[in-house]
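Inspection log for the structure reproduced underneath, given as structure tokens.
The values are calculated or read from the model by the stated rules, or taken from the named source; none is laboratory data. A quick note: this is a predicted structure, and the numbers were derived from the prediction, not measured. So basically every Cβ, Gly included, is an ideal-geometry build from the backbone, and we count neighbours across all protein chains shown.
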Amino acid sequence: RIKRIVLIDDVSESLQKAADTMGEGLTGWVLKHLEKAYSGLDRKELVKVRREEKLHRDAEAGKPEIFARGCSFYKLAWLFFLGSLLGDIVETIFCYFTMGELMSRSSLVYGPFSIVWGMGCVLLTVILYQYRERSDSFIFLFGTFLGGAYEYICSVLAELVFGTMFWDYSGIPFNLGGRINLLYCFFWGIAAVVWMKFLYPRLSALIERIPVKPGKWLTWIMVVFMCFNMLISSLALYRYNQRQTDSSAETNAYTEFIDTHFPDERMERIYPKAKPAK
């Protein structure tokens, strides 16, 4: 038995040496042909770079796993959730101080979540992530145009899908069809700077401190909850608009359920500024 073990060790060692020899030979062959193809290349420099890359990969492999590293799906899911929550709170406070009225600014029937802000955070992160080291003025201009286009598209989609207008800027100067206005586009630019330079780095660091396994479970729980919330909200909004515009619409078990759980009074509290599109 001992002889067999020794034999296996010898064979393994021989195979490893053969693999190393073949690897070195293959590397040498590649470098030789690269030198011929590109006369300016320094073989020693290529070997050095290759070794540094290998050391970097080995160092990365040895690091403990970090939850939601970089601009990953898990990071974006958390940013969507937190952005929806924080955006709703900020907008509610803003409306209170500017209009003197405390009103719901939520996009969903369950919880204080603004989908526009959540998707805005994700959009800003995905598009501006590669430019996060650029100047504040660059991010401001980029965010101004991006935010204006995004808000306009959201307004059009809401009207097409739900037949409802959630905001109308017709009374504000320099508006475009009441869907966007220049002042609020500038707000988007400011929000982009604040987000990329201050909020995103801090939120990103906090998210990455979440333990990996619980973080993944929590992420999928949030995803399922938000998908369910958006589905129910869409059905409730569609039915609410139907009640406002077509009183003779046919009723069934589905409409009775929606009418019972989401009557006009409740919908008006959640969406005080919503009105049927003209």
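Considering 103, 119, 99, which residue is buried (at least 16 other Cβ atoms within 10 Å of the Cβ) and at negative phi? Break it down into steps so the answer makes sense when it comes.
Working: 103 fails: buried (at least 16 other Cβ atoms within 10 Å of the Cβ); 99 fails: buried (at least 16 other Cβ atoms within 10 Å of the Cβ).
Answer to the check: 119.
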Selection count, segment 128-154, where residues are within 28 Å of residue 177 (Cβ to Cβ) and either part of a loop (DSSP other than H, G, I, E, B) or touching a strand residue (DSSP E or B) at 6+ places or on another chain (Cβ under 7 Å) (or both)
3
The one condition residue 114 fails out of (1) crowded, with 21+ Cβ neighbours inside 10 Å; (2) free of Cβ contacts under 8 Å to residues at least 60 places away in the same chain; (3) closer than 17 Å to residue 200 by Cα; (4) within 16 Å of the chain's Cα centre (by Cα) is (3)
Criterion: under 16 Å from the mean Cα position of the chain (by Cα), within 30 Å of residue 137 (Cβ to Cβ) and either outside the structural domain of residue 82 (by TED's automatic domain parsing) or at pLDDT 90 or above (or both) - qualifying residue of 183, 199
199
Taking segment 205-220, which residues are surrounded by fewer than 17 Cβ atoms within 10 Å (Cβ to Cβ) and farther than 13 Å from residue 70 by Cα?
211, 212, 213, 214, 216, 217, 220
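Specify which of the listed residues (236, 192) is touching a Gly at 6+ places or on another chain (Cβ under 9 Å), surrounded by 16 or more Cβ atoms within 10 Å (Cβ to Cβ) and either at pLDDT 90 or above or of a type outside the set (S, T, N, Q) (or both). Explain how you work it out, then say what you get.
Numbers: 236 fails: touching a Gly at 6+ places or on another chain (Cβ under 9 Å).
Exactly one of 236, 192 is touching a Gly at 6+ places or on another chain (Cβ under 9 Å), surrounded by 16 or more Cβ atoms within 10 Å (Cβ to Cβ) and either at pLDDT 90 or above or of a type outside the set (S, T, N, Q) (or both), namely 192.
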Is it the case that some residue within segment 132-153 is touching a Lys or Arg at 6+ places or on another chain (Cβ under 9 Å), closer than 24 Å to residue 266 by Cβ and acidic (Asp, Glu)?
no
Within segment 224-251, residues being among the aromatic types (Phe, Trp, Tyr) and under 25 Å from the mean Cα position of the chain (by Cα) number 2
Residues (within 30 Å of residue 137 (Cα to Cα) and free of Cβ contacts under 8 Å to residues at least 40 places away in the same chain) located in segment 202-220:
202, 205, 206
